1. What's the number of the condition Arg152 fails, among (1) of a type in the set (D, E, K, R); (2) modelled with pLDDT of 95 or more; (3) surrounded by 18 or more Cβ atoms within 10 Å (Cβ to Cβ)?
2. Would you point out which residue out of Val159, Val191 is surrounded by 19 or more Cβ atoms within 10 Å (Cβ to Cβ) and either outside the structural domain of Gly288 (by TED's automatic domain parsing) or within 16 Å of Ala228 (Cα to Cα) (or both)?
3. If we scan region 119-126, do we find a residue that is part of a loop (DSSP other than H, G, I, E, B) and either over 23 Å from Gly174 (Cβ atoms) or hydroxyl-bearing (Ser, Thr, Tyr) (or both)?
4. Could you list, in sequence order, the residues of region 40-64 that are among the β-branched types (Val, Ile, Thr) and crowded, with 18+ Cβ neighbours inside 10 Å?
5. So for region 94-104 (the condition being part of a helix (DSSP H, G or I), in contact with a helix residue (DSSP H, G or I) (Cβ under 6 Å, 6 or more places away or on another chain) and over 21 Å from Ser126 (Cβ atoms)), does at least one residue qualify?
6. Determine if region 315-334 includes at least one residue that is among the basic types (Lys, Arg) and in a strand (DSSP E or B).
7. In this structure, does Val160 turn out to be under 17 Å from the mean Cα position of the chain (by Cα), part of a strand (DSSP E or B), of a type in the set (A, V, I, L, M) and at pLDDT 90 or above?
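The values are calculated or read from the model by the stated rules, or taken from the named source; none is laboratory data. Just so it is clear, the model here is predicted, and its values are computed rather than measured. Positions of Cβ are generated from backbone atoms using ideal geometry, with glycine treated the same way; all protein chains shown enter the neighbour counts.
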Amino acid sequence: MSTPETGRDPQQGALAAQNPATRRHHDALMAARMYYLQDLTMDSIARQLRTSRSTVSRLLSFARGEGLVQIQIHSPVDTAAELEDEVSDRFGLAPQSVHVVPQVENLSEAESLDRVALYAARTLTSLVESRSVIGIAWGSTVSAMSRHLGRRPTHGSTVVQLNGAANTQTMGLGYASEIMRRFATAFDAAVEEFPVPAFFDRPETKAWMWRERSVRRVLEVQARMGLAVFGVGSVHADVPSHVYSSGYLDAADLESLAAEGVVGDVATVFFREDGSSEGIGLNARGTGPDLAALRTVPRRLCVVSGPSKAAALRGALNARLATELIVDEATARALLAEQA
């Protein structure tokens, strides 16, 4: 049983003493409980744990970094909350599934992206559970997000790449693999990479490749996803989307997308502003998940930053691709202005 003074469990303490890593998690959790749940000061916690105040501070930082502590702020006068409600209402998202990151003045889109990526990385930790299959679509936003991921160890989890990364200039292995590695490290998960091009030259080549057992194995892992994480690509973004800036599309491809009314993509699958994707020729050659299949994933976290992506985000939301959205304040306002 826990003692009333500290909440210390003698059995957990004995186990923690046998393993330094377990002991550090145990002490961090103990300090976090006393600080956040019992409102004790760091000096008081230090006395009860028979350690120094600086050690308690480090334990609290460790607890936040490991995902043992998650902090949420709720303000009744927050304009971001009003934007969240309006976006949810207009696009049919569940209450509290939209998160608008407040924005200070004079931030560049690159700086705003980093703030949104940090918020998204911290939010993701609350969504990941053991034995999860997490689909990851590479891209500039998800790459930024991956650099902010804190540790949340799980058991039996897998991160699976949703779309190929190779093009005529590079196999894309370093770029996509690094993103996948960061997610896998954060959650102690296995990695399933997808070693195919982002786009095949011919639709029939894709059809044949999709019959190969090695490719089908990855597709079967994708089919078990409980959570998908993706950004929204846009050819008009001020911070260029990776698929549009790194040799994946030639001039003829870009011309065909413009002629077909394309505003953006998710996992290199393209759509129009009304959410439709029928008749877009490049999708027959792309290796990202069919949008109808993506909509079957129970939780779909969409992360977007930059008002220049407002039309692309509107298309993604009209296509019902997201169950949860993290977006900066300026982009949310631009999205609603376009919708009005």
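1. Against the list (1) of a type in the set (D, E, K, R); (2) modelled with pLDDT of 95 or more; (3) surrounded by 18 or more Cβ atoms within 10 Å (Cβ to Cβ), Arg152 comes up short only on (2).
2. Just one listed residue meets the conditions, Val159.
3. Within region 119-126, one or more residues are part of a loop (DSSP other than H, G, I, E, B) and either over 23 Å from Gly174 (Cβ atoms) or hydroxyl-bearing (Ser, Thr, Tyr) (or both).
4. Ile45, Val56
5. no
6. no
7. Judged against the criteria, Val160 is a match.
This table checks each residue for (1) touching a residue at least 40 places away in the same chain (Cβ under 8 Å); (2) within 20 Å of the chain's Cα centre (by Cα); (3) surrounded by fewer than 17 Cβ atoms within 10 Å (Cβ to Cβ).
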residue: Ser245; (1), (2), (3): no, no, yes
residue: Ser256; (1), (2), (3): no, no, yes
residue: Phe271; (1), (2), (3): yes, no, no
residue: Asp274; (1), (2), (3): yes, no, yes
residue: Gly286; (1), (2), (3): yes, no, no
residue: Val297; (1), (2), (3): yes, yes, no
